[in-house]
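First up is the structure itself, then whatever we jot down about it.
The values are calculated or read from the model by the stated rules, or taken from the named source; none is laboratory data. Everything quoted here is computed from the prediction, not taken from an experiment. Heads up, the Cβs are rebuilt from the backbone with ideal geometry, glycines too, and the neighbour counts pull from every protein chain shown.
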Amino acid sequence: MLILLKKRDLKKILKLDKNKYDIWALDEVHFQQYGSRCRMWIPPEIKEPVLMHHPTRAGIGYYGAVRLCDGKFVYKPELEKFNGETFFSFLKYLRKISSHSGRKVIIITDNARYHHARLHKKWRKKCSDKFELMFLPPYSPELNPIERVWKLTRRIAVHNRYFPSLQNIADAIDSTFDKWAAGNETLRKLCAFI
């Protein structure tokens, strides 16, 4: 287990040999059913626009990971809550998908408590030769490239939209995520460090 100290350490990791390492950024996110409102242009003839939103705080969570070299996106909806068990399940899923390249997989993630859970500590140690987690410093989400993916997802799928049911928001988000599953130049550029 390695804790990254500064942004320059992250840049060093990104300069590793692409033939030997696959670098992924991993995080979790919640999307609320009431959506989000932001500025938008409206026709001048509409004087007072009305944007409906659902009066509930119900939402759906997702685990997601993006491969930084090509923008491939892997996600898994989480209907319960984020904890050590659900994180472990996503880690195994990600390892299964990412291990086909034959390169060592490095996962950049934050310091959420369940990312360090004893439940999967032995498994992480056993897999550390081919699959390793690297933790960002506490309280530094801006260093995790996948945070930009969440922001883009909100802009594309959630902003200024009304979702009458939780299934509607899940469908909107899943369709956005499915477009990115095979690799995406937009995500690659979005998650790149200069």
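Tallying residues that are within 18 Å of Val29 (Cβ to Cβ), over 12 Å from the mean Cα position of the chain (by Cα) and not charged (D, E, K, R) within segment 69-83 yields 3. Looking only at segment 164-177, residues that are modelled with pLDDT under 90 and among the hydrophobic types (A, V, I, L, M, F, W, C) come to 2 in all. Filtered by the rule that a residue be in a helix (DSSP H, G or I) and modelled with pLDDT under 90, segment 178-190 gives Glu185, Thr186, Leu187, Arg188, Lys189, Leu190.
Residues of segment 166-177 include at least one that is farther than 16 Å from Ile107 by Cα, out of contact with any helix residue (DSSP H, G or I) (no Cβ under 6 Å at 6 or more places or on another chain), small (Gly, Ala, Ser) and surrounded by 14 or more Cβ atoms within 10 Å (Cβ to Cβ). Every condition in (1) within 18 Å of Ile97 (Cα to Cα); (2) surrounded by fewer than 13 Cβ atoms within 10 Å (Cβ to Cβ) is met by Pro138 except one, and the failing one is (1). Candidates are the residues of segment 69-89 that are buried (at least 19 other Cβ atoms within 10 Å of the Cβ) and in contact (Cβ under 8 Å) with a residue 60 or more places away in the chain; the one that is farthest from Trp123 (Cα to Cα) is Gly71. Inside segment 145-173, can you point out the residues that are charged (D, E, K, R) and closer than 16 Å to Gln32 by Cβ? Within segment 145-173, Lys151, Arg154, Arg155, Arg161, Asp171 qualify.
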